[in-house]
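For reference, the structure is listed below as structure tokens.
The values are calculated or read from the model by the stated rules, or taken from the named source; none is laboratory data. All values reported here derive from a predicted model rather than from experimental measurement. In this analysis, Cβ positions are derived from the backbone assuming ideal geometry, glycine residues included, and neighbour counts consider all displayed protein chains.
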Amino acid sequence: MSTLTKQDTFNSILEGAPKNFESERTLAKESYFAQGLPALKAEEYKFTSIAKKLEQTIENFSSAQAFEVSDELVKSSIYPGFEGNVLVFSNGKFLPELSSNIEGLEISALSEKPETAIGSIAKVEKDAFAALNQASFVDGAFISVPKKSQVEKPFLLLSFNKSNEGQVIQPRIWIEAGDFAEVTFIDQSVDLSETSYFLNKVIEIKGGVNTHIRYYRIQNEGKNSIEVSNIETDIQQDSRFTSVNISLSGDMVRNNLNLNLLGSNSEGNMYGLYLLNGKTHVDNHTNVDHTIPHAESNELYKGILADQSRGVFNGKIFVRQDAQKTNAFQQNNNILLSEDAVVNTKPQLEIWADDVKCSHGCTTGQLDEEALFYLQARGIDKTQAKGLLLYAFAGEVLEHIEEDSFREYCISLVQERLGSKF
Amino acid sequence: MLSIKNLHASIEGTPILRGINLEVKPGEVHAIMGPNGSGKSTLASVLAGREEYEVTEGEVIFQGKDLLELSPEDRAREGVFLAFQYPVEIPGVSSTNFLRTAVNQVREYRGLEPLDAVKFLSLMKEKMKLVEIDQKLLSRSLNEGFSGGEKKRNEIFQMAMLEPTLSILDETDSGLDIDALRIVSNGVNQLKSDKTATIVVTHYQRLLDYIVPDFVHVLYKGRIVKSGTKELALELEEKGYDWIKDEVDSKATV
């Protein structure tokens, strides 16, 4: 069994990395070795010891290569009701031949765009996993939405993952949107692995001024995934970025979401819902950085935890000295359905400006017994009453999904879960 | 219709009801009065099936069935309705969806076809008039942001929709202004028939000017210590509860 605290653990992956993006990879490798994987006591990974989990689970630290994906598989994997553009990935590699060809947009394998400034948004020194990805990713995608283009139909980023004996899959996507562009991405993975695997994902989003970018993700791929993702975006003047993240399954999942508000009158929204059961462990770490005046951030994460599941929420808000007139709101609410379920929640506000409106709050409790009795007293079956109350709790997050077909899909998954499991 | 015999109930080991006996027949209105803490709301809650209360002794037979054996939802389906003293606000649950679910589950239990959207809405419109409740209110989340009066009117509206056999109104009058009280009472009176019965739990006589009881019972220390007709309520209004307390307490000390 390998020991991940040793720096050479991932050598096999690092050595096998492609030869492109040489300076970026070298920088990342150095940073990764300097940081090492976060040990048990590392503050940022205190409740989510990915390193320990990997040590216990993964035996073969090599990169999983792309495999063949059939047209039928793609078709059958697209969620019902979806209308839009599909971008297909196989173990992180972009497959243009199975993807929609969208006129006016530039979409290609990342390896074909060697001038891309990877790592300029998701900086390697911030997170060892981001560094590991940058040092050793196989290939990814480059997506460029030109200035003023309003892509009405959403993009489905459909990733097929299959690893043998617990290999490592490292997707990497670079998205740039020109000034005044509007675009929606839906991120969904399909797991074809039979055993545990490690997914280490990085998405960098670079928006121009006055852009509207929506990034929706559903994590519902199965019980085998040990997953770390770093999603980071730069938000410029007069722009709005909205992320909605729905987590329904996984072994151990860590989502790092970082928003950098870099221009005034910009708005960053972060919404999340985690419905967990079994032993699933989901950790959402969000970070919003208010660097300029007159920007707004809104954050709402909600969790329902059953069985022995574990949820972690850590929401950082930085308001820098120059960021006067900031509005920053954060909320995390949890319902525990079992005595063995655990939530660790931590708001973390650092405010250096003096003329700001910031609020945060977190609650963790049980299902409201009084409300349950009220519904029962009107003749509604107890199980159904519970489902109704839990759905009402969860629905507040889902209504932030503006893409109708995806919202409906998520609602159906959530209702199914609340009806059957809870 | 309802027969309560020697009912004892406690909460967290503290006895609240200490031997209640009550017979309610179809067509009757019974008022349960009493000072604060006498067990009035406990009685209402126990009949509706609130779980925190433990029934330690006695029986409750409702239309030939052992009520205490039934779940709260089955009691509602059998025709027991509790209008809550404090109706619960439930954000995210739409009033209309909630009611439709409730009405159809009750109908299913009673062997009736579920109402489709059209029939349900027309039933709703009809019953809304009864308590002068506004459509706008019902398009909101259940009781969320409702005023006290609106919540109580919504309780009676729900009662109208579910067509119970036995309605228990728990302090429905508390906090209502005279207009709201009149509307709520009107609603209750119009729903009365010779097949249904009503138990009105109240602290004040005022409500009984509008919903006229056939019997008035005074609850004190978990027992019905005095029963009479509507004149008893007027006497209580005039003299307060102290004379009854004195009467009971002096007997107890003898």
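Some notes on this structure:
- Checked against (1) over 30 Å from A:Phe155 (Cβ atoms); (2) more than 14 Å from every other protein chain (Cβ to nearest Cβ); (3) free of Cβ contacts under 8 Å to residues at least 60 places away in the same chain; (4) buried (at least 17 other Cβ atoms within 10 Å of the Cβ), A:Ala341 passes all but condition (3).
- Test: residue in region A:395-407 that is among the acidic types (Asp, Glu) and facing chain B (nearest Cβ under 10 Å): yes
- Some residue of region A:299-316 being in a strand (DSSP E or B), assigned by TED's automatic domain parsing to the domain that holds A:Gln167, without any contact (Cβ under 8 Å) to a residue 40 or more places away in the chain and more than 17 Å from the chain's Cα centre (by Cα): no
- The set of residues in region B:88-105 being within 7 Å of another protein chain (Cβ to nearest Cβ) and not in a helix (DSSP H, G or I) consists of B:Val88, B:Ile90, B:Pro91, B:Gly92, B:Val93.
- Verdict on B:Met161 being away from chain A (no Cβ under 14 Å), surrounded by 14 or more Cβ atoms within 10 Å (Cβ to Cβ) and at pLDDT 90 or above: no
- Just so you know, in region B:62-72 the residues that are in a helix (DSSP H, G or I) and more than 7 Å from every other protein chain (Cβ to nearest Cβ) include one that is surrounded by the fewest Cβ atoms within 10 Å (Cβ to Cβ), and it is B:Glu69.
- Contacts under 9 angstrom Cβ, first residue in region A:267-286 being in contact (Cβ under 8 Å) with a residue 60 or more places away in the chain and not assigned by TED's automatic domain parsing to the domain that holds A:Leu257, partner acidic (Asp, Glu) and buried (at least 24 other Cβ atoms within 10 Å of the Cβ), 6 or more apart: A:Asn269/A:Glu299; A:Tyr271/A:Glu299; A:Gly272/A:Glu299
- Residue that is farthest from B:Lys40 (Cα to Cα) [pool: residues in region B:73-87 that are touching a strand residue (DSSP E or B) at 6+ places or on another chain (Cβ under 7 Å) and outside any strand (DSSP E or B)]: B:Glu78
- The residues of region A:355-374 that are aliphatic (A, V, I, L, M), more than 7 Å from chain B (Cβ to nearest Cβ) and touching a strand residue (DSSP E or B) at 6+ places or on another chain (Cβ under 8 Å), listed by number, are A:Val356, A:Leu367.
- Some residue of region A:141-152 being at pLDDT 95 or above, in a loop (DSSP other than H, G, I, E, B) and buried (at least 23 other Cβ atoms within 10 Å of the Cβ): no
- Put simply, of B:Leu137, B:Leu181 the only residue that is more than 21 Å from B:Ala102 (Cβ to Cβ) and not acidic (Asp, Glu) is B:Leu181.
- Selection of region A:366-422 for residues being over 30 Å from A:His212 (Cα atoms) and in contact (Cβ under 8 Å) with a residue 60 or more places away in the chain yields A:Leu390, A:Arg417, A:Leu418, A:Lys421, A:Phe422.
- Single match in B:Tyr86, B:Tyr53 (criterion: surrounded by fewer than 17 Cβ atoms within 10 Å (Cβ to Cβ), under 21 Å from B:Pro164 (Cβ atoms) and of a type outside the set (Asp, Glu)): B:Tyr86
- Within region A:92-116, considering residues that are among the hydrophobic types (A, V, I, L, M, F, W, C) and touching a residue at least 40 places away in the same chain (Cβ under 8 Å), the one surrounded by the most Cβ atoms within 10 Å (Cβ to Cβ): A:Phe94
- The requirement of being under 22 Å from the mean Cα position of the chain (by Cα) and among the β-branched types (Val, Ile, Thr) is fulfilled nowhere in region A:19-36; no residue meets it.
- Residue that is farthest from A:Asn210 (Cα to Cα) [pool: residues in region A:286-328 that are in contact with a helix residue (DSSP H, G or I) (Cβ under 7 Å, 6 or more places away or on another chain) and surrounded by 22 or more Cβ atoms within 10 Å (Cβ to Cβ)]: A:Ile304
- Tallying residues that are within 10 Å of B:Ser38 (Cβ to Cβ) and touching a residue at least 60 places away in the same chain (Cβ under 8 Å) within region B:225-254 yields 2.
- Just one of the numbered conditions (1) within 18 Å of A:Ser225 (Cα to Cα); (2) crowded, with 19+ Cβ neighbours inside 10 Å; (3) modelled with pLDDT under 95 is not true of A:Phe89: (3).
- Any hit, region B:109-118, residues being in contact (Cβ under 8 Å) with a residue 24 or more places away in the chain and facing chain A (nearest Cβ under 9 Å): yes
- Filter result (polar (S, T, N, Q) and surrounded by fewer than 23 Cβ atoms within 10 Å (Cβ to Cβ)) within region A:259-280: A:Asn260, A:Ser264, A:Asn265, A:Asn269, A:Asn277
- Residue in region A:166-173 that is part of a loop (DSSP other than H, G, I, E, B), surrounded by fewer than 21 Cβ atoms within 10 Å (Cβ to Cβ) and not aliphatic (A, V, I, L, M) present: yes
- Checked against (1) crowded, with 16+ Cβ neighbours inside 10 Å; (2) assigned to a strand (DSSP E or B), A:Phe373 passes all but a single condition, namely (2).
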